[in-house]
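The values are calculated or read from the model by the stated rules, or taken from the named source; none is laboratory data. In this text the structure is predicted, and so the values were computed from the model without any measurement. Cβ coordinates were reconstructed from backbone atoms using ideal geometry, including for glycine residues, and neighbour counts include every protein chain displayed. Ligands, DNA and RNA are excluded from the accessible area calculation, which covers all protein heavy atoms including side chains. Shrake-Rupley method; radii C 1.70, N 1.55, O 1.52, S 1.80 Å.
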Number of protein chains: 2
Amino acid sequence: MDSARFNRELPLRSVRVTDAFWKGEMELVRTEVIPYQWKALNDRVEGAAPSYCMRNFKIAGKMNREKREKGEAYEEPQYTFRGFEATPEDPEHLKDEFYGFVFQDSDFSKWIEAVAYSLTQHPDPELERVADEAIELVCAAQQEDGYLDTYYIINGRDKTFSNLRDHHELYCFGHLTEGAVAYYQATGKDRLLHAACRFADYIADYFGPEEGKCKGYPGHEIAEMALVRLYEATGKERYLNLSRFFVDQRGTRPYYFDTERHEYDRERPQRQQKDGLRYEYNQAHLPVREQDEAVGHAVRAVYLYSGMADLARLTQDDSLYAACEKLWNSIVNEKMYVTGGIGATHLGEAFSYPYDLPNDTAYAETCASIGLIFFARRMLEIHPDARYANVMERAFYNCVLAGMALDGKSFFYVNPLEVVPEACRKDERKAHVKAVRQKWFGCACCPPNLARLVSSVSSYAYTESEDTLFVHLYMGSEIAKLVNGKRAEISITSAFPWDGAVTIRVRAKGSALRLALRMPDWCEDCQTEGLEGAQAEEKDGYLYIQKEWTDEDTLQMFFQMQPRLIGANAKVREDVGKAAVVRGPIVYCLEERDNGADLHLATLDVEAEPKLADGEICGVPAKLIIWPGFRKSKTEEENGALYHTWHRAKKERVELKFIPYYMWANRGENEMQVWTNAE
Amino acid sequence: MDSARFNRELPLRSVRVTDAFWKGEMELVRTEVIPYQWKALNDRVEGAAPSYCMRNFKIAGKMNREKREKGEAYEEPQYTFRGFEATPEDPEHLKDEFYGFVFQDSDFSKWIEAVAYSLTQHPDPELERVADEAIELVCAAQQEDGYLDTYYIINGRDKTFSNLRDHHELYCFGHLTEGAVAYYQATGKDRLLHAACRFADYIADYFGPEEGKCKGYPGHEIAEMALVRLYEATGKERYLNLSRFFVDQRGTRPYYFDTERHEYDRERPQRQQKDGLRYEYNQAHLPVREQDEAVGHAVRAVYLYSGMADLARLTQDDSLYAACEKLWNSIVNEKMYVTGGIGATHLGEAFSYPYDLPNDTAYAETCASIGLIFFARRMLEIHPDARYANVMERAFYNCVLAGMALDGKSFFYVNPLEVVPEACRKDERKAHVKAVRQKWFGCACCPPNLARLVSSVSSYAYTESEDTLFVHLYMGSEIAKLVNGKRAEISITSAFPWDGAVTIRVRAKGSALRLALRMPDWCEDCQTEGLEGAQAEEKDGYLYIQKEWTDEDTLQMFFQMQPRLIGANAKVREDVGKAAVVRGPIVYCLEERDNGADLHLATLDVEAEPKLADGEICGVPAKLIIWPGFRKSKTEEENGALYHTWHRAKKERVELKFIPYYMWANRGENEMQVWTNAE
């Protein structure tokens, strides 16, 4: 591994996103999601299941205060098992108890992280004030020893870290840390960062390779990458070492989780019996360096792999990098939907076996694609190869954006590639698939995760090494970068994802700036202008450009975006004989609204010329694609019989109208389909 | 309803089956299944889960004896809830307790019924002696008051009939009655019949419309048709009335099941919560005359509908017949696989919504198709329309026969139309689908059900009215029938299902015999010979033949059996663009063994001429079909990438080799597919 080649995300404050498309998404998050989420965290959304998140912090804080006031005489509450999700028996009269999922604290942490990113792009003193107050509430709950997880503070500290497999303390710690670092970097305020460090120190005292320390590791990963972030923010090596311990320890024999008492198994015994692969579920079935297939809970998996990639880069660990590379290939070559969705089965919200990518029962959780983006950027940091960025772009514009309604008010957890509303209602096997987005979830992982990702999109669009600015995603931005002590200013304008023209203006006189521009895999024909006098070299899918910069350089890239048909590997049984319509980074789909019901009877005419049309969905402009094709007749059936002597189905010529996949389900409940018969 | 047109099954003893095909199946049942099953009932099969069935009868009998010996002082055991399935904690030291499923008694009843049918075709004094002894054991368990269900005899009579929804007492009674009537009719021995009558009397005293009597009805239907059979065997109207009460009472408000305490719900609370449609599961969501869609547990459904058809015929109940007709049409027009399989979802082993017929997750339980055959014959008895017989034949030769291995030694419960072994192992959603038949089941409903059906196949092949012999299925047989006091002898020879030639010899001089020969729906061209001088009229799919019979009449029918392609209704999403190969009554399939793996890449050339070949599977002769087609290439994928720019797949010409569906999975684990791409 060549550390000189490493590159890192650009600090958010070095980039100003000016892009119409992404600015729109970020404004939705700022004006809709963040305020809504704050209300949700405080149980003030009418009709929605209460989150109890801030309430739990307040109760923990109150208990803390009482403890301090009572001094030594105070007795710690003894641990009572409250189930994986605790709901009040009498919602009218809440007691001073913990309510909600065991990981409810993380809702705050994701919110504060989204707030932090948003503040970097759009300063908002009132929002910052609300955030500061929330941070005070959270910090008030922190114990003298640094511990900070309200489930155990309220239910009894005596069982702290007794159920790492299910009880998400290290997961909540990870999110808290990510939020704390982000808020610190955005505002310079270190109150929450300090709390995260104290909690991290407590954990580093408890876990580790030293004799007498606990040999466990997180049941739900994220602490691995969060600790790296904390290390990078504070420079304290013990956080890096703790992350490495968690990663190295994972999956070693005897299995740590086997040594725990699991109340959850007693609560739901069937799960325990059936779940023979429960350590695959947690990616703890093998030491991480021996893992070569992406398995188990998809979100957990990509969070782990992201932490592994972080460590591989920072510790120049070739064997860890090799494992990351194998796991990456396992995902993108065998287990990823064309939308960038991952996790083909709702059972365990998990990866299925290679090439098992059913469209109608897909899980493809929004959070899993977000995690895939985390993983992709970290792989890019080690090695800027467009392979990673191509997948990152695919996930961003398709599966991830599909997670949020165009008005920012409702969300998908599950992102299927084919939906028949009747089937979702009547077929229990598809009960996890929704045909319309939901307002909020009891388990609110996807909306706040989406909020923090979208608000920080520029840190995925760009990475930098000492002299090079890597452009992975094209979006309107203004970027400042110091190269050999000289300030370079790069201004990018583009109408991505609808138009492939990109203009890059550079003011970098005297700077040794190098630009590395991704050549997207979907583009077969890219024209450039303004490269006169420059050294331009294409490598690993990037066009590297060096020149004697003036203050008035303008480069132009024209990435051709014609509508295209994509086929799937023949091993993907579900997609045989079918094609997906794409244009640029956008995957398209058919909706019943535009094409009538029974989309399975539609066939693309592969010889026909598609037409591009300017359109809109719910007022949001988009490029639509009209692809000529056929529609099999349903009326010819003999007396409605179920079976008949085979005959070639009568077909009528139709114009199939495709809309961007991420825009589906914004016009009411209806059928949707990504993969369409093609002949 | 025109009662003069009714017809009834021919007494088994009036028919001697000489057919090579069916005789073979019956011999398998006689020589393999019945002896194996007897061992299983007595827990003497090594490696198989014990049945405990005969053991439970013995313990109940012992308790009975002790009770009699102790006289009044004896205390009835108080009911203890033993769960839906009770397994000994220590298998080495069984206690005097009930073990097995709550419906374990019915295993004996199905066995004795199969034995009875077998004895009519193949007298076997040794088998009859074993059966008589078994009957003694069963009768010894019967209580003084006539009650006879070992679960409650052993666990406590105080809770008798307290959980009709789940606890199968009336189901066990139904099977006992069916077995008792069959054994009586086969051997003339009335020991078991008498026991069944005593139990029936007890039930008729307990349930009924009269004030003070229980208003419940069976949770798992079968008593309805069993009581009709008992009525027909004994002439006692109270059994007919009880059947009618059960049918009329079903689904009325308030729901009877709501009044019961259900221990099962406490045992498995999740089921109760999720199962909002649990009365659909039992076909008790609506009064039966208001039911117009086949819903819920498929076996229960067709058992109920069979009882309804029995009652409609016997009581000339037009509204009940109308309901039967609607439910029949719901099944065959919207919910039946091309194999005659029913029950598209394993969730509740149930019918799915109309046209939802997934091939790879099908349930299509063997027992459900058996029940569909029961229903079909009863509809034929009301109205001899080939619509019913066509479905009956489809179920017999395909889904039902597929339930048993060619050597009679292993069985399918679930009969999918598409199997990829890897998916069955790795995809929990397909965990119910097995790629190879199993030796025996803890819940042993299908193998003994198959045994009793196959042993009595002739009672489905033929029904009679006063002057008419209806031939529904073609098979070699010798039939005797009295018409206007004169004996008519009909001898049929055929090589069905492999050859369409049928020879019918009639010795019926002076008799007013009328023959009604089914014209199968799969036959487009039927030639006849020997009809000179006869009146022949086709009606409702039957060719009615009357003539002045001599003692040397010979009729010949030639049903053309060319290989054909079948298409499914366009509403069946799973089968769009696909075809099934059939010939005569046989549905064919592809197996990996003959065609290599990845059957989803095969395409039928619809223009090509298929070839018929004489072959064999595991030594059993069969007609195989070679259908030219194509196979898409897998090797062309660009670097094994998951997605690529669409291009027409390279195809090579292949000869696709189809074998009869019912013969699949006899040559080891491999892929199988009924519906194949066609172009």
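Of everything in region A:629-644 that is more than 9 Å from chain B (Cβ to nearest Cβ) and assigned to a strand (DSSP E or B), the residue that is least open to solvent (accessible area, probe 1.4 Å) is A:629.
Just one residue in the set A:28, A:41 is more than 30 Å from residue A:468 (Cα to Cα) and touching a Ser or Thr at 6+ places or on another chain (Cβ under 9 Å); that residue is A:41.
Farther than 22 Å from residue A:501 by Cα and over 32 Å from the mean Cα position of the chain (by Cα), is that true of residue A:594? For residue A:594, the condition - farther than 22 Å from residue A:501 by Cα and over 32 Å from the mean Cα position of the chain (by Cα) - is not met.
Only one residue in A:362, A:395 is among the small types (Gly, Ala, Ser), within 14 Å of chain B (Cβ to nearest Cβ), under 22 Å from residue A:280 (Cα atoms) and open to solvent by less than 10 Å² (accessible area, probe 1.4 Å), so which one is that?
Details: A:395 fails: under 22 Å from residue A:280 (Cα atoms).
It is A:362.
Grab the helices (runs of 4 or more DSSP H) fully contained in region B:418-462, keeping just those with 1 or more residues being within 12 Å of another protein chain (Cβ to nearest Cβ).
Values: elements: B:421-426, B:446-455, B:458-461.
Qualifying helices (runs of 4 or more DSSP H): B:421-426.
Screening the candidates A:341, A:348 for the property of being within 14 Å of chain B (Cβ to nearest Cβ), open to solvent by less than 10 Å² (accessible area, probe 1.4 Å) and touching a helix residue (DSSP H, G or I) at 6+ places or on another chain (Cβ under 6 Å) yields one hit, A:341.
Of A:452, A:437, A:425, all but one fail to be free of Cβ contacts under 8 Å to residues at least 24 places away in the same chain, over 30 Å from residue A:539 (Cα atoms) and basic (Lys, Arg); the exception is A:425.
For (1) closer than 30 Å to residue B:585 by Cβ; (2) at the interface with chain B (Cβ under 9 Å from one of its Cβ atoms); (3) open to solvent by 40 Å² or more (accessible area, probe 1.4 Å), each residue gets a yes or a no:
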{"residue": "A:585", "(1), (2), (3)": "no, no, no"}
{"residue": "A:615", "(1), (2), (3)": "no, no, no"}
{"residue": "A:619", "(1), (2), (3)": "no, no, yes"}
{"residue": "A:646", "(1), (2), (3)": "yes, yes, yes"}
{"residue": "A:657", "(1), (2), (3)": "no, no, yes"}
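Residue B:304 falls short on exactly one of the conditions (1) open to solvent by 10 Å² or more (accessible area, probe 1.4 Å); (2) in contact with a Pro (Cβ under 9 Å, 6 or more places away or on another chain), and that condition is (1).
Given the residues A:314, A:327, which is the only one that is away from chain B (no Cβ under 14 Å), under 26 Å from residue A:165 (Cα atoms) and outside any loop (DSSP other than H, G, I, E, B)?
Details: A:314 fails: under 26 Å from residue A:165 (Cα atoms).
After ruling out the rest, the residue left standing is A:327.
Screening region B:89-191 for helices (runs of 4 or more DSSP H) wholly inside it with 3 or more residues that are open to solvent by 10 Å² or more (accessible area, probe 1.4 Å) and either aliphatic (A, V, I, L, M) or free of Cβ contacts under 8 Å to residues at least 24 places away in the same chain (or both) returns the ranges B:125-141.
Restricting region A:572-581 to residues that are more than 7 Å from every other protein chain (Cβ to nearest Cβ) and open to solvent by 10 Å² or more (accessible area, probe 1.4 Å), the residue that is farthest from residue B:420 (Cα to Cα) is A:578. Considering region A:493-503, the residues that are within 18 Å of residue A:16 (Cβ to Cβ) and part of a strand (DSSP E or B) include one that is least open to solvent (accessible area, probe 1.4 Å), namely A:502. Of everything listed in (1) of a type outside the set (A, V, I, L, M, F, W, C); (2) farther than 16 Å from residue A:335 by Cβ; (3) touching a Ser or Thr at 6+ places or on another chain (Cβ under 8 Å), the single unmet condition for residue A:415 is (2).
For residues in region A:541-559 being polar (S, T, N, Q) and in contact with a strand residue (DSSP E or B) (Cβ under 7 Å, 6 or more places away or on another chain), which is nearest to residue A:506 (Cα to Cα)? Show your work before the answer.
Keep residues of region A:541-559 that are polar (S, T, N, Q), which gives A:546, A:550, A:554, A:556.
From what's left, in contact with a strand residue (DSSP E or B) (Cβ under 7 Å, 6 or more places away or on another chain): A:546, A:554, A:556.
Numbers: A:546: 12, A:554: 6, A:556: 11 Å.
By that ranking, first place goes to A:554.
Per-residue answers, yes or no, for (1) crowded, with 16+ Cβ neighbours inside 10 Å; (2) modelled with pLDDT of 95 or more:
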| site | (1), (2) |
| --- | --- |
| B:269 | no, no |
| B:298 | yes, yes |
| B:311 | yes, yes |
| B:318 | no, yes |
| B:321 | yes, yes |
| B:325 | yes, yes |
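Taking the criterion of being open to solvent by 20 Å² or more (accessible area, probe 1.4 Å) and assigned to a strand (DSSP E or B), the residues of region B:504-533 that qualify are B:505, B:507, B:514, B:526, B:527, B:528, B:529. Quick one: in region B:6-48, which of the residues that are assigned to a loop (DSSP other than H, G, I, E, B) and among the polar types (S, T, N, Q) is least open to solvent (accessible area, probe 1.4 Å)? Among them, the one singled out is B:7.
Look through region B:463-480, keep the residues that are charged (D, E, K, R) and part of a strand (DSSP E or B), and return whichever of them is surrounded by the fewest Cβ atoms within 10 Å (Cβ to Cβ). Before the answer, list the steps.
Residues of region B:463-480 that are charged (D, E, K, R), as a first pass: B:464, B:466-467, B:478.
If we keep only those that are part of a strand (DSSP E or B) too, we end up with B:464, B:478.
Working: B:464: 21, B:478: 15.
Among those that are charged (D, E, K, R) and part of a strand (DSSP E or B), it is B:478.
Restricting to region B:362-386, what's the tally of residues that are part of a loop (DSSP other than H, G, I, E, B) and in contact with a His (Cβ under 7 Å, 6 or more places away or on another chain)? Spell out how you get there, then give the answer.
Start the filter on region B:362-386 by keeping residues that are part of a loop (DSSP other than H, G, I, E, B), which leaves B:362-365, B:383-385.
Filter once more, so that each one left must be in contact with a His (Cβ under 7 Å, 6 or more places away or on another chain): B:363.
Adding up the residues that qualify gives 1.
The residues of region A:668-679 that are open to solvent by 30 Å² or more (accessible area, probe 1.4 Å) and away from chain B (no Cβ under 14 Å), listed by number, are A:668, A:669. With respect to (1) away from every other protein chain (no Cβ under 11 Å); (2) part of a strand (DSSP E or B), the lone exception for residue B:665 is condition (2).
If you check residue B:536 against the conditions, is it touching a strand residue (DSSP E or B) at 6+ places or on another chain (Cβ under 9 Å) and surrounded by fewer than 16 Cβ atoms within 10 Å (Cβ to Cβ)? So residue B:536 fits the description; yes.
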